Amino acid sequence: MIVDCALYEKGVRQSGLFDIAEVPGTVANGHSFVWIGLYEPTEAEFSDAQKYFELHELAVEDSVSAHQRPKLEIYDESVFIVLKTARYLDEEETVDFGEIQIFIGPGFLVHVRHGMAAPMVDVRRDLERHPDRLAHGPSSVLHAIADRVVDSYEPVIAGLENDIRELEFQVFSEHGDNPVQRIYFLKREVLETTQALQPLLQPLEALAHNRVPYVHEDMEEYFRDVHDHLERMLAEVRTMDDLLNSILSANLTRVSIRQNEDMRKISAWVAIAAVPTMIAGIYGMNFEHMPELGSIFGYPMVLGLMFLVCSVMYRGFRRAGWL
């Protein structure tokens, strides 16, 4: 559905209803542009925009179906850009991704949003407070959307960092937990975050160096700032991935050490139990002529011998750290 449709002239939003069919004549003076926002439209709902803005059918298909990687594609009459939005669900420790597809051309910008992450209502309201920037045309809107999308990853990264910090305490705690499943799921979320941010570097670099049509030259420095911000966040995400690898290695080491300690304890108790078992087994044999069978003190002597040997072995294993 169409969330908002507005005409801007010299950076100021025009009041009244706006008919999309009037676009060609409205923006012919070069000082006006149209900004249309849609949310999960169907092909039928998108048909008017495709017709009047002469959008490429492949790009329209991508914008309706969604599930695209971040990218920038240049067509004859427009530029098509895909951005991945994100929000962090702290209770589930997962990143919820959405998409924004943007068409920008002479006198128009159409953005299509999928998912609940990063709504664009605040972007429009904030940008309308700066008519001097809106006067640069559709590329000012493109910058505002790209900047908001990149900013939306800050709470995501903060949430991931907090959970990784909890993992560190959990791995090195004395409770003996093995959080390998949690480590794996967090690594997957970090990987998906990297896959959402990494492909965006090249499009933003092209926008920052005026290699994309329909982008005002005065907007280059703004796109450069977004590009720098994205690089910093990518560096943080890569650091988190390295840290998770270290945590996983430390956890595996602790598990191995814990297993070795358990095996030493089991082996020590088995060795101690073997002494009375062996002696009892020998004297449990049904032979008629065996030493000490006729002795009055044979039974207590054997019990004392068992206790003495087991005590010596126990103290030896304790001194060695096995028990």
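Every number here is computed from the coordinates shown, using simple stated rules; none is lab data. Given the structure is predicted, the values throughout are model-derived calculations rather than measurements. Ideal geometry is used to build each Cβ from the backbone, glycine not excepted, and the neighbour counts take in all protein chains shown.
Brief remarks follow.
- Restriction of the chymotrypsin sites (Phe, Trp or Tyr not before Pro) in the range 119-188 to DSSP coil positions whose beta-carbon has at most 13 other beta-carbons within 10 angstrom yields Phe172.
- For Lys71, the lysines whose Cα comes closer than 28 Å to its Cα, not counting residues fewer than 8 places off in the same chain, are Lys51, Lys84, Lys187.
- Order of Trp322, Trp35 under a 10 Å beta carbon neighbour criterion, fewest first: Trp322, Trp35
- Using the Cβ-Cβ distance between Lys10 and Asn210 with R0 set to 25 Å, the FRET efficiency works out to roughly 0.65.
- Debye intensity ratio I(q)/I(0), log10, the range 256-320, q values 0.14 Å⁻¹ (C-alpha model): -0.54
- Gain on full stretching of the segment that runs from Thr253 to Phe169 - 0.36 nm per residue minus C-alpha separation: 28.7 nm
- Computed from the C-beta positions of Ser47 and Val121, the FRET efficiency with R₀ = 22 Å rounds to 0.35.
- If you take the alpha carbon atoms of the range 145-282 and fit the smallest convex hull around them, that volume is 101 Å³ per residue.
- Cα-based Rg of the range 2-254 normalised by 2.2 N^0.38 Å, two decimals: 1.15
- Protection proxy ranking for 70-83, 242-255, using the average of other Cβ atoms within 10 Å per residue and placing the highest first: 70-83, 242-255.
- The long axis of helix 180-197 is offset from the longest Cα principal axis of the chain by roughly 20 degrees.
- Contour minus Cα-Cα distance for Ala235 and Val180 (0.36 nm per residue): 17.4 nm
- Alpha-carbon centroids, the range 156-198 and the range 74-122: separation in whole Å: 26
- Taking Cα atoms only, the orientation of helix 138-151 departs from the longest principal axis of the chain by about 10 degrees.
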